[in-house]
1. Using only Cα atoms, what is the ratio of the radius of gyration of segment 56-144 to 2.2 N^0.38 Å?
2. Treating only the Cβ of Lys, Arg, Asp and Glu as charged (+1, +1, -1, -1), what charge dipole size does the chain show about its Cα centre? Round to the nearest 20 debye.
3. Where both residues lie in segment 41-339, what percent of DSSP beta bridges are antiparallel, nearest 5?
4. Cα centroid distance between segment 73-87 and segment 317-338, in Å?
5. Just V167, V233, V280 to compare: in a GNM of the chain, with alpha carbon springs under 10 Å, which one fluctuates most?
6. When the chain is modelled as a GNM with alpha-carbon springs shorter than 10 Å, which of S279, S225, S79 fluctuates the most?
7. Pairs of Cα atoms under 8 Å, at least six residues apart: use those to get the relative contact order of segment 41-339, whole percent.
8. How would you order 44-53, 83-92 from highest to lowest mean count of nearby Cβ atoms within 10 Å?
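Each reported figure results from applying straightforward, stated rules to the coordinates on display, with no laboratory input. Note that the coordinates shown come from a computational prediction; the quantities given were computed from them, not determined experimentally. Methodologically, a virtual Cβ is constructed for each residue, glycine included, from the backbone with ideal geometry; neighbour enumeration extends over all protein chains shown.
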Amino acid sequence: MKNRSSLNRRQVIAAATAFTAHSAISGVRAEQLLDSQIREKAQVAITFDLEMSRHYPKRGQTEWDYQKGNLDAATKQYSLEAGDIAAKRGISIHFFAVGRVLEQANIDWLKTLSKQGHAIGNHTYDHINVLAATAEQTQFRFQRAPWLVEGKSVHDVIRENIKMTQVALRKRAGIKQNGFRTPGGFYKALDEREDLQKLMLELGFQWISCKYPSHKSERTDTGVSTEVYADIVRAQQYAQPYRYPSGLIEIPMSPISDVTAFRSRFWKLPEFLKSIEMSVSWTIKEQAVFDFLCHPSCLVVEDPKHEALKLICDLVESASNRAEIVSLDKIAATVADKDS
């Protein structure tokens, strides 16, 4: 880097103080604003959560809530197609696997993705809610069969679910986990949960992906409004990586996700693509970070030709040396370098 790379952690914090007034007005942490000023290129990540989604492949289908990791053939094929598209462009996708998929008879598809150079992260074994108040509430499966977690604390369930996925990836697929993403995104991330931050560090993670900023997403009979698009772009400022006081790095998921757009709000594909184009364009202009969050089980129905993936690749390629597609561990390394 040039002169900007000479900023150390103390200088960043000192300079951030000068931005306090601006932050109060915009709702953006001053340190996050400064982050884009010391990055040489915009960093764009493409992340696929390998889980089944309720209401897919057809509305009213909710049994997937109980067996998130039991991926169907269409979801796995879509993931392979995306992996091929990315590999042919010389880039990688960051996948997050729910551990129960490793119980299936054939996992060659997952091994193929790993051999292509795509990162495979940990998404817990049962797709649990790490912010649940009780062990039973961590997953629908445990509410239906509470004896599976009887006598266990929430922390016991979280620890076991994450550790079991790590072991399963290694023993069944020969894959070393690359990072951790919490099932579900939280607009406060783990900012108020130092206990969970420490647990993640104890489990060996240097970074996690947990935060999902709040934003408008409504769609009316006339479509998605200019106001909603603008609010999604505004929310990108909240989706910038940072370090918790514990030392753990947070890499937020960038809005709007496919399940929010399609499953919750019934968006149309052109509307989803427009939002992506606006958000990635903002990211490139600001030398910021964009973490595209999607689910193959959803997009195989809503975007069967991988138009969202191709659009992101085209936008980054057209930006030339002003942007790059990277994995989340590369983004985390940039944050670590900034703090050193």
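1. Details: Rg = 14.8 Å, N = 89, 2.2 N^0.38 = 12.1 Å.
Its radius of gyration relative to the 2.2 N^0.38 Å reference: 1.22.
2. Working: 45 positive and 41 negative charges, 112 e Å.
With Lys and Arg at +1 and Asp and Glu at -1, about 540 debye.
3. Numbers: 3 of 27 bridges.
If I count the DSSP bridges inside segment 41-339, around 10 percent turn out antiparallel.
4. Using only Cα atoms to place each centre, the spacing works out to 23 Å.
5. It is V167.
6. S225
7. Details: 563 pairs, mean separation 75.1, N = 299.
Answer for segment 41-339 is 25 percent.
8. Numbers: 44-53: 25.4, 83-92: 16.8.
Result, highest mean first: 44-53, 83-92.
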